[in-house]
């Protein structure tokens with residue numbers, strides 16, 4: 001625990017998950033500074049480990065920033081941005097600001113893609129509604145067979 005406390009110097013209290021929680025357990029793995037393989041996270045935290053990681057990377061814990069190691073465009077491992085481990089409040093805050101910007105940029109992109117699809121989705125809904133109405137009308141006109 002002494003090592004963990006030393007590594008958390010310069011880290012805002014609100015960014016540190018409570019002891020024993022799944023986010024804290026995962027964070028402590030990353031506080032080693034080592035690359036943590038995706039498969040290891042799956043083994044340790046189950047198939048839904050990404051929800052724990054997302055909490056660390058989001059608003060809940062002030063945007064921890066992880067660096068991805070990819071092979072053939074597949075994430076194989078991640079490690080904690082070294083600025084979080086530097087002991088410098090300023091460097092830590094810079095890493096958090098970069099993560100916040102990344103998250104907000106992703107959110108903006110998703111919103112724009114969603115907005116551009118509104119008209120097409122509405123047209124598809126109208127077409128499906130018309131098809132259902134036509135089939136219901138045809139079905140109602142048929143006499144039941146005995």
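A quick yes/no check of all residues on (1) within 20 Å of the chain's Cα centre (by Cα); (2) within 18 Å of residue 9 (Cα to Cα):
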| residue | (1), (2) |
| --- | --- |
| 27 | yes, yes |
| 34 | no, no |
| 38 | yes, no |
| 73 | yes, no |
| 124 | no, no |
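So, residue 128, is that one in contact with a helix residue (DSSP H, G or I) (Cβ under 7 Å, 6 or more places away or on another chain), at pLDDT 90 or above and either loosely packed, with under 10 Cβ neighbours inside 10 Å or assigned to a helix (DSSP H, G or I) (or both) or not? Against the criterion (in contact with a helix residue (DSSP H, G or I) (Cβ under 7 Å, 6 or more places away or on another chain), at pLDDT 90 or above and either loosely packed, with under 10 Cβ neighbours inside 10 Å or assigned to a helix (DSSP H, G or I) (or both)), residue 128 does not qualify.
Annotation for segment 36-43: at least one member residue is under 25 Å from residue 91 (Cβ atoms) and either modelled with pLDDT under 95 or assigned to a strand (DSSP E or B) (or both).
Restricted to segment 57-75, and to residues that are in contact with a helix residue (DSSP H, G or I) (Cβ under 9 Å, 6 or more places away or on another chain) and in a loop (DSSP other than H, G, I, E, B), which residue is surrounded by the fewest Cβ atoms within 10 Å (Cβ to Cβ)? Checked segment 57-75; the qualifying residue surrounded by the fewest Cβ atoms within 10 Å (Cβ to Cβ) is 58. Residue 100 - would you say it is touching a residue at least 12 places away in the same chain (Cβ under 8 Å), touching a helix residue (DSSP H, G or I) at 6+ places or on another chain (Cβ under 8 Å) and surrounded by 13 or more Cβ atoms within 10 Å (Cβ to Cβ)? For residue 100, the condition - touching a residue at least 12 places away in the same chain (Cβ under 8 Å), touching a helix residue (DSSP H, G or I) at 6+ places or on another chain (Cβ under 8 Å) and surrounded by 13 or more Cβ atoms within 10 Å (Cβ to Cβ) - is not met.
Can you tell me which of (1) farther than 30 Å from residue 25 by Cβ; (2) surrounded by 14 or more Cβ atoms within 10 Å (Cβ to Cβ) is the one residue 85 doesn't meet? So the condition that residue 85 fails would be (1). Among the residues of segment 1-24, the ones that are at pLDDT below 65, more than 28 Å from residue 47 (Cβ to Cβ) and surrounded by 13 or more Cβ atoms within 10 Å (Cβ to Cβ) come to 0 in all. Would you confirm, using the coordinates I've provided, whether residue 111 is surrounded by 10 or more Cβ atoms within 10 Å (Cβ to Cβ), touching a residue at least 12 places away in the same chain (Cβ under 8 Å) and in a helix (DSSP H, G or I)? The answer is no for residue 111.
For every residue, the table says whether it meets (1) assigned to a helix (DSSP H, G or I); (2) touching a strand residue (DSSP E or B) at 6+ places or on another chain (Cβ under 7 Å); (3) more than 21 Å from residue 104 (Cβ to Cβ).
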{"residue": "18", "(1), (2), (3)": "no, no, yes"}
{"residue": "55", "(1), (2), (3)": "yes, no, no"}
{"residue": "77", "(1), (2), (3)": "no, yes, yes"}
{"residue": "84", "(1), (2), (3)": "yes, no, no"}
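Taking the criterion of being assigned to a helix (DSSP H, G or I) and more than 19 Å from residue 88 (Cβ to Cβ), the residues of segment 20-35 that qualify are 22, 23, 24, 25, 26, 28, 29.
The values are calculated or read from the model by the stated rules, or taken from the named source; none is laboratory data. Small disclaimer: the values here were computed from a predicted structure and weren't measured. In this analysis, Cβ positions are derived from the backbone assuming ideal geometry, glycine residues included, and neighbour counts consider all displayed protein chains.
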